[in-house]
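FYI, it's all coordinate maths here, none of it is from the lab. Because the structure is predicted, anything quoted here is derived from the model rather than measured. Positions of Cβ are backbone-derived with ideal geometry, glycine not excepted, and every protein chain shown enters the neighbour counts.
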Amino acid sequence: MAEPTQDAVIVRVRDVTPRVREMVLLPSAQTISFVPGQWISLKLPVGERPPLNRAYTMAEPETPSGELVLAFDRVHQGLGSEYLYSLKPADRVTLSGPYGNFILPDPPTDDVVMIARYTGVVPFRCMLRRITAHPLSRSITLILVSQSLSELPYHEEFLELAERVPTFRYESLLPVIPAVSREDAEIQSTLDLWNALFRDRRDVMPMICGTKAFVRPIREQLRKLGFDRRNVRVETYD
Ligand SMILES: Cc1cc2nc3c(=O)[nH]c(=O)nc-3n(C[C@H](O)[C@H](O)[C@H](O)COP(=O)(O)OP(=O)(O)OC[C@H]3O[C@@H](n4cnc5c(N)ncnc54)[C@H](O)[C@@H]3O)c2cc1C
């Protein structure tokens, strides 16, 4: 059976960083009910055999208005994201969903360590906005890696949250890129921070999101540190 799709109108857009855009959509037929961490599939009229399906995670929890907030980066020569960057308020897109099980246990049974590279922070931003509306039963650490201060999505918001909520800790990483590749530097600095903060802890729940080149080596290192593969939750974008 074909998956049910519907149209949505673009209500507004705003730039979160010079290369990350937030887009607010309002589905026209049916409200989409979702859990933070879930995503929708956009059917874009581009590519050799349209529609081109691209997944985008909700950046904010469900609201009574039914608006969906997405956040995505402009991938160099990326078919889908370049097209999304061309859209303006009142344009329309086709979508389906929600999908996905990259979600927090409710309530979390362990302290949570969220690890994201760049727009991999989108599901965590959604979870944090939901959780911090209620008292936190467990501590949450967010480790966000990016190339530059201006490309840390929602950096100011996370700083403010860490000031306000004692059980939330925010660590931003901007690795210096020496002879090794950018990916290697990002992975190494994340693992160094992990060792500094959680070296002897196995009673935490790691969640990792980003591209495979970032997520997989970190999951592998955590496995070597004694984490069961199934207990490290991951979402990969590519
Ligand atoms: C479950 C899921 C949730 C996702 N949620 C988001 C989200 O909230 N925000 C978001 O920006 N993207 C998200 N993505 C990625 C998104 O679906 C697209 O893959 C991304 O926008 C690139 O598509 P494109 O057509 O522009 O690039 P393509 O033409 O498909 O080119 C992809 C190439 O760019 C590289 N690349 C660089 N940056 C990215 C990136 N961020 N994602 C994917 N590939 C990348 C890939 O390694 C690949 O080589 C998600 C993907 C999945 C599977």
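Summary of computed values
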item	result
Cα long-axis angle, helix 155-164 against the chain (0 to 90 degrees, to the nearest 10)	60 degrees
Packing-based exposure ordering (other Cβ within 10 Å, fewest first) of Lys212, Lys88	Lys88, Lys212
Residues Met205, Met58, Met127, sorted so that the one with the fewest Cβ neighbours within 10 Å comes first	Met205, Met127, Met58
Between 0 and 90°, nearest 10: helix 182-198 axis offset from the chain longest Cα axis	50 degrees
Test item: Cα-centred dipole of the range 6-99, Lys/Arg +1 and Asp/Glu -1 on Cβ, debye	200 debye
Fewest-first sequence of His155, His76 by Cβ atoms within 10 Å of each Cβ	His76, His155
Anchor Lys224: aspartates and glutamates whose Cα lies under 17 Å away (excluding residues fewer than 8 positions away in-chain)	Asp192, Asp200, Asp203
Residues of type lysines that Lys43 reaches as a straight line, Cα spacing below 28 Å, ignoring anything fewer than 8 places off in the same chain	Lys88, Lys212
